[in-house]
Amino acid sequence: MLSGLLDGIFSGISIGSVLLLAALGLAIVFGLMGVINMAHGELMMLGAYTTFMVQNVFKSFGGAWFELYIFFALIAAFVVTALFGLVLERGVIRYLYGRPLETLLATWGVSLILQQFVRSVSWVLVIGIVLFCLLFFGALKLLSRRPDFDRIRNWVIAIMLPLSAAIALVTGIVVGQVYKLTVTKPWFGAQNVDVTAPKWLRGGLPIGGFQLSYVRIFIMVLTIACVVAIYLFLNRSTWGLRMRSVTQNRSMSACLGIPTQKVDALTFAIGSGLAGIAGCAVSLLGSVGPNTGQNYIVDTFMVVVVGGVGKLVGSIVAALVIGTTTYLIGSGVLANLLAPIQPLADFFTFFATTSMAKVLVFALIIVFLQFRPAGLFPQKGRTVDA
Amino acid sequence: MLKVSDLNVYYGESHILRNVDMTVHPGKMVCLIGRNGVGKTTLLKSIMGLLKPRSGSIELTGIPILGKSPDQRARMGIGYVPQGREVIPRLTVKENLILGMEALPDRKSKTQDIPDEIFDLFPVLKTMLWRLGGDLSGGQQQQLAIARALMGRPRLLVLDEPTEGIQPSIILEIEAAVRRIVATTGVSVLLVEQHLHFVRQADWYYAMQKGGIVASGSTRELSNEVVQRFLAV
Ligand SMILES: Nc1ncnc2c1ncn2[C@@H]1O[C@H](COP(=O)(O)OP(=O)(O)O)[C@@H](O)[C@H]1O
Ligand SMILES: [Mg+2]
């Protein structure tokens, strides 16, 4: 029975560390900008697909390279999703600050676009998008050197937008006609893809009666590394100081000369990059599909809400508690433990499946929020209204 | 230094500032007086870029600044000490001071060291560097807010009721500090103030009523009658 509990706690912590890794970026973005990023799960998915691609590239290198691909995949996933986050913030979200409902809708839209994007991405699509961006933004860049740019700006956009789109579309169709399937075949398609862990991550560490898989240990270490890195970044670096300042008092920070727009962009990029890392980790746990992100978004929100906004430590505790509780209930460990007390045992047996455990945890969270609406670690005193 | 012309500012549909004109000459200290709610803070926020005027212009050393964001204005040399002080609460005093250096235009000169002049002006801060800004008393926060603005070596210092809600002994300290700052750095000052004693330190005054400037002149000629009409004492 004790080993069962131990098993439960280890597994719970490992689930919790996945949750925490996934929620970290969301918590930072939410804490700083009050932006609820519904596309966070899809950013994770993007990270997972990046991992898949890096894996394929390294597979072709063969041998020792393949054993190391995961580290390159982590970096690649971070960079790709961070860049995407940057574009998202500059292109969409910055126009919606202070309007949470619109942000919610817009980021939800982005999440749908991303899901469809990975289903249908192919060489033709990539060529079209790249061509469009080159033409449109290149033209804007060139023309912005003209002194009267401000006056003609709207005209330039009105002309260049359909023109670039048309050129990109035609090029796409022509390339598709000429090269046929080699360029029109989707890269991933709608099916799930599988990431294989390198050899040294397969198998597990036997503890007592059960095995703690190396992948889960790897994820725990990764989570700790990310938390430490974020902590150091926020508390030791210049940009971290700026971020904390903007989080607490945006308008005064601006009056001090802090470039708040850059801080916003950087924060969003880092939050997105963390989603990418989480996606890379998640890809080791199971197959990856266009819907991977949706499985995580609700859980990560629970972590952020229960932890309290703007507190790293809150997210950590919340993730571990939610992870452990979900596992203990879902795996039936709790039901076994309570076997001597018949009615309680029956109660927990009823909830001893993954989805029912989620229902119960969700209910518990709602009850919890009735008593502590601001989460585990609410911010005290006069700082709240600042 | 600063020139505000024909400024009109609205909150939603309510017209707060009406055709405000005001000039702060280089190295001068200008005081803006008026009863509560006439729009003094609104004017300072518009100068800082926190509010968008509907019409009019604001120039700093001849350069129009209305299109610029608050952080750009801070880096152009406006140091702002807002009403209510707005010290960043969960940063230490030292971090608050370091953030004051964000307004320095050249990034090279940014260090982690607080210059001694700051502690000469406000000795209390030296003993409190590691305390959280939000834990200081009102007077200490006010001193911190002024020190923070000075860290950016502003050309124009904008102070909004720096003595509001502060005990008399500290008021005298703050007054003396501001006078010393003006004497040693040659900074121009725009001050909103209710304490007559402090108002008299300024070179020039503007009196505001219902969102418009209704009187101005040298503070030496500030008559008791004007004081009666425009100060809330
Ligand atoms: N955020 C706001 N929204 C709407 N009206 C405001 C706001 N802030 C101030 N006001 C109004 O603007 C007027 C001027 O306020 P303010 O500039 O703060 O006055 P003062 O600083 O001279 O005491 C007041 O009538 C006040 O009610
Ligand atoms: Mg005021």
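The values are calculated or read from the model by the stated rules, or taken from the named source; none is laboratory data. Nothing here was measured: the structure is a model prediction, and the numbers come from that model. Here the Cβ positions follow ideal geometry from the backbone for every residue, glycine too, while neighbour counts run over all protein chains shown. When the accessible area is computed, the model is the full protein with side chains, heavy atoms only, and any ligands, DNA or RNA have been set aside. Shrake-Rupley method; radii C 1.70, N 1.55, O 1.52, S 1.80 Å.
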Ratio Rg/Rh, restricted to the range A:55-120 and using Cα atoms, in which Rh is the Kirkwood radius
1.18
If each part is reduced to its alpha-carbon centroid, the range B:190-233 and the range B:37-53 end up apart, in Å, by 18
If I model a spin label at A:Thr171 and A:Thr238 as a point 7 Å from the Cα along the Cα→Cβ vector, what separation in nanometres do I get?
3.9
What ³J(HN,Hα) values, in whole Hz, does the Karplus curve 6.51 cos²θ - 1.76 cosθ + 1.60 give for the range B:42-54 when θ = phi - 60°, with x put for Gly and Pro?
4, 5, 5, 5, 5, 5, 7, x, 7, 10, 9, x, 7
Taking the Cα centre of the protein assembly as shown as origin, sum charge times position over the Cβ atoms of Lys and Arg (+1) and Asp and Glu (-1), and report the length of that vector in debye to the nearest 20.
940
Long-range amide H partners of A:Met38 with built H, under 5 Å
A:Thr107, A:Trp108
Paramagnetic label zone (point 7 Å from Cα along Cα-to-C-beta, A:Val79; backbone N under 19 Å) in the range A:275-300:
A:275-281
Computed over the Cα atoms, what is the radius of gyration of the range A:122-185 divided by 2.2 N^0.38 Å, N being its residue count?
1.35
Taking Cα centroids, how far is the range B:95-151 from the range A:214-246 in Å?
28
Stretch A:Leu181-A:Ala225 to full length: gain in nm at 0.36 nm per residue minus the Cα-Cα span?
11.5 nm
Expressed in nm to one decimal, what extension gain is obtained for the pair A:Leu112 and A:Val298 from 0.36 nm per residue of sequence separation less their Cα-Cα distance?
65.4 nm
Taking chain A, the whole-percent share of alpha-carbon pairs separated by over 40 angstrom is 23
Could you point to the residue in B:Gly133, B:Ser57, B:Met151 farthest towards the positive end of the range B:2-230's charge dipole, with +1 and -1 charges on the Cβ of Lys/Arg and Asp/Glu respectively?
B:Ser57
If you find the alpha carbon centre of the range A:255-281 and of the range A:319-384, how far apart are they in angstrom?
32
Along the Cα-to-Cβ line of A:Leu369, 7 Å from the Cα, sits a label point; which residues in the range A:295-334 have backbone N less than 16 Å from it?
A:297-310, A:315, A:318-319, A:322
Tell me whether the range B:10-61 comes out rounded, prolate or oblate; compute the Cα gyration tensor, take square roots of the eigenvalues as a ≥ b ≥ c, and use a/c under 1.5 as the rounded threshold.
oblate
Can you figure out the FRET efficiency of B:Ser169 with B:Glu59, using R₀ = 41 Å and their beta-carbon distance, to the nearest 0.05?
0.60
Suppose each label sits 7 Å from its Cα in the direction of the beta carbon; what would the A:Ile9-B:Asp21 distance come out to in nanometres?
7.8
If you fit an axis through the alpha-carbon atoms of helix B:168-185 and take the longest principal axis of the Cα set of chain B, what angle between them do you get, 0 to 90°, nearest 10?
90
What's the longest piece of chain A with no exposed trypsin sites (Lys or Arg not before Pro), counting a site as exposed if DSSP puts it in a loop and it has at most 15 other beta carbons within 10 Å?
A:203-379
Let me see the P(r) profile for chain B: every Cα-Cα distance counted, bins of 5 Å, each bin given as a percent of all pairs.
1, 7, 15, 19, 20, 17, 12, 7, 3, 0, 0
Occluded residues from the range B:54-81, i.e. those whose accessible area drops by 30 Å² or more once the chain is not alone (1.4 Å probe):
B:Asp71, B:Tyr80
With θ set to phi - 60° and the Karplus curve 6.51 cos²θ - 1.76 cosθ + 1.60, what are the ³J(HN,Hα) couplings of the range A:236-245 in order, to the nearest whole Hz, using x for Gly and Pro?
10, 9, 4, 5, x, 4, 4, 4, 4, 5
Using a Förster distance of 51 Å, how high is the FRET efficiency between A:Ser251 and A:Asn192, based on the Cβ-Cβ distance and rounded to 0.05?
0.65
Please express the Cα-Cα pair-distance distribution P(r) of the range B:137-233 as a list of whole percents, one per 10 Å bin, running from 0 to the bin with the greatest distance.
14, 47, 32, 7
What number, in percent, do you get for the relative contact order of chain A if the mean sequence gap of Cα pairs under 8 Å and at least 6 apart is divided by its residue count?
34
What are the ³J(HN,Hα) couplings of the range B:28-37, residue after residue, when phi is run through the Karplus curve with 6.51, -1.76, 1.60 and θ = phi - 60°? Round to Hz, x for glycine and proline.
9, 10, 10, 10, 9, 10, x, 6, 4, x
About the Cα centre, and with charges only on the beta carbon of Lys, Arg (+1) and Asp, Glu (-1), how big is the dipole of chain B? Nearest 20 debye, please.
420
